[in-house]
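Here the structure comes first, spelled out in structure tokens, and everything after it is commentary.
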Amino acid sequence: MDDMLLKEDLNHIKNSIVLGIIILLTILLFYLCYQAGAWYLDQKSINKQLDQIYDIVKIEEVSDDEKVEIVKPIKDKIDVNDPYWDYTKMSLIDVDIKDLKQINESTRGWIQVNGTNVNYPFVQGGDNSYYLNHSFNGSPNGGGWVFMDYRNNVGELDRNTILYAHARRDKSLFGSLKNILTSGWLQNRDNFIIKMSTEQENTMWQVFSVYKIPTTNDYIRVNFSSDNEFLEFSKVLLERSVHNFGTTVNGEDKIITLSTCYGNTEKVVLHAKLIKVEKK
């Protein structure tokens, strides 16, 4: 009798465990379906906005004129392998930001990164959280948008201008920024250029460091007390790079930083220095 009761108890426990597993798997399945559905709807909204943006925006390559200034390096410190002078001959891009401001007054400019899908307008919020879950037109969206650090001033470039965006699975926004760590991207020198257009100016930036790093905030500094402090900061960024670009950074340079997630605990980061400016 006792053996029968024990067997019944064991069967009951076994059935309870199986039922519990089934319930957990069902909940997990519903959660994954919900997540997939939410991602799809977010991406559908992003794609619709991108179609609207590309319909109204014309990205023009502009030839150099008297308004173009070349940010010259310190000659005795330039690496013989540095393609700086070749890059300065490349065309800038010009985008009429006023058209984009009709959709979102917080639009600050347009960013284009060679060898990636990054070719978007960027915005700026009152903090670095809003555009993590709001899209270009300001509507709620888990995909967010490309945005500039709230501390930066696009009208008067800081020593370090920082742009963020989510790495979307379909390679939109900063989803293709992971390309910068691949041999294919690194073997093509034409990729080592970033072009930006704002209401105030068109600019070109030369990549000097790319890397993957556990999540930290030490590379997103905006202000520096002196040129020496900035120079020490730039040395840290150069040492982190997975590739030697042969590019020098001096204490008077201005740089741009692009940052996105690589999984849940790491970031992919790109740094480039300003080499060419055209005032509008």
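Could you grab the pairs with beta carbons closer than 9 Å, sequence gap of 6+ or different chains, first residue in region 172-196 and under 18 Å from Asp82 (Cα atoms) and among the basic types (Lys, Arg), second one part of a helix (DSSP H, G or I) and at pLDDT below 95?
Arg189/Asp86; Arg189/Tyr87
Search region 134-144 for residues being more than 18 Å from Asp96 (Cα to Cα) and in contact (Cβ under 8 Å) with a residue 60 or more places away in the chain, and hand back the single one that is surrounded by the most Cβ atoms within 10 Å (Cβ to Cβ).
Gly143
What is the residue count in region 223-263 for residues that are over 16 Å from the mean Cα position of the chain (by Cα) and either β-branched (Val, Ile, Thr) or not assigned by TED's automatic domain parsing to the domain that holds Thr88 (or both)?
Residues that pass the stated criteria total 5.
Under the condition of being touching a residue at least 24 places away in the same chain (Cβ under 8 Å) and more than 13 Å from Met196 (Cβ to Cβ), which residue from region 108-130 is surrounded by the fewest Cβ atoms within 10 Å (Cβ to Cβ)? Spell out how you get there, then give the answer.
Our first condition is that a residue be touching a residue at least 24 places away in the same chain (Cβ under 8 Å); within region 108-130, this holds for 108-126, 128.
Imposing the further condition that a residue be more than 13 Å from Met196 (Cβ to Cβ) reduces the set to 115-117, 123-126, 128.
Values: Gly115: 18, Thr116: 20, Asn117: 16, Val123: 25, Gln124: 21, Gly125: 17, Gly126: 8, Asn128: 16.
For region 108-130, the residue satisfying everything is Gly126.
Check whether at least one residue in region 23-41 is surrounded by 13 or more Cβ atoms within 10 Å (Cβ to Cβ) and either touching a helix residue (DSSP H, G or I) at 6+ places or on another chain (Cβ under 8 Å) or at pLDDT 65 or above (or both), and report yes or no.
Yes, because at least one residue in region 23-41 is surrounded by 13 or more Cβ atoms within 10 Å (Cβ to Cβ) and either touching a helix residue (DSSP H, G or I) at 6+ places or on another chain (Cβ under 8 Å) or at pLDDT 65 or above (or both).
Looking only at strands (runs of 3 or more DSSP E) that fall completely inside region 46-132, which ones have 1 or more residues that are of a type in the set (S, T, N, Q) and modelled with pLDDT of 95 or more?
107-113, 119-124
It is to be established whether one or more residues within region 229-246 are at pLDDT below 95, touching an Asp or Glu at 6+ places or on another chain (Cβ under 8 Å) and under 26 Å from Asn128 (Cβ atoms).
no
Which residue out of Glu229, Glu252, Glu239, Glu278 is assigned to a strand (DSSP E or B), out of contact with any Pro (no Cβ under 8 Å at 6 or more places or on another chain) and of a type in the set (Asp, Glu)?
Every option except Glu278 fails the conditions.
Just checking, how many residues over region 134-163 are assigned to a loop (DSSP other than H, G, I, E, B), within 13 Å of the chain's Cα centre (by Cα) and within 19 Å of Ala272 (Cα to Cα)?
Residues meeting the conditions: 2.
Filter region 167-182 for residues that are at pLDDT 95 or above and over 11 Å from Asn117 (Cα atoms); which is farthest from the chain's Cα centre (by Cα)?
Per the stated criteria, the residue is Thr182.
Can you pull out the residues in region 113-133 that are under 20 Å from Leu100 (Cβ atoms) and over 13 Å from the mean Cα position of the chain (by Cα)?
Once the filter is applied, which keeps residues that are under 20 Å from Leu100 (Cβ atoms) and over 13 Å from the mean Cα position of the chain (by Cα), region 113-133 yields Gln124, Gly125, Gly126, Tyr130.
The values are calculated or read from the model by the stated rules, or taken from the named source; none is laboratory data. Bear in mind the structure is a predicted one, so any value in this text is a computation, not a measurement. Virtual Cβ from ideal backbone geometry, glycine too; neighbours counted across all protein chains shown.
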